[in-house]
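Novice: Mind looking over this structure? Questions follow.
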Amino acid sequence: MRVIVAGLGVQGRKRKRFAGGDYVASVDPVGDEADYKNLRDVPLDRYDAVLACIPDEPKLDLVRSDQPGASPPGISPPGAPSQGGPQWRLARSGAPATQ
């Protein structure tokens, strides 16, 4: 699975190292070592997953689409109603994600 790491703080650097051969790019608006400054700049065909090593509130913004109230297929923010089919719910504060 090809992954990108969002946020190159302490946790992001660890995730980058442990991703090994699955790692393809990094995103960080501040860090000079990042490959991209904004997640939207990374071509969608370059990765399968994002390791979001950032505070909780920006994580929700990462999964929201450009349409108000919509999320990418298969992902919904906590508390959002299911729209049929498998939905992964984002966990807050270290709680496990659920399906």
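The values are calculated or read from the model by the stated rules, or taken from the named source; none is laboratory data. What you see is a predicted model, and the numbers here were worked out from it, not measured in a lab. Note that we place each Cβ from the backbone using ideal geometry, even for glycine, and neighbour counts take in every protein chain shown.
Novice: Could you tell me which residue of segment 1-20 is surrounded by the most Cβ atoms within 10 Å (Cβ to Cβ), considering only residues that are touching a Cys at 6+ places or on another chain (Cβ under 7 Å) and assigned to a helix (DSSP H, G or I)?
Specialist: Within segment 1-20, the match that is surrounded by the most Cβ atoms within 10 Å (Cβ to Cβ) is 12.
Novice: Please indicate, with yes or no, whether at least one residue in segment 69-77 is surrounded by 13 or more Cβ atoms within 10 Å (Cβ to Cβ), at pLDDT below 70, among the hydroxyl-bearing types (Ser, Thr, Tyr) and under 15 Å from the mean Cα position of the chain (by Cα).
Specialist: For segment 69-77, residues surrounded by 13 or more Cβ atoms within 10 Å (Cβ to Cβ), at pLDDT below 70, among the hydroxyl-bearing types (Ser, Thr, Tyr) and under 15 Å from the mean Cα position of the chain (by Cα): present.
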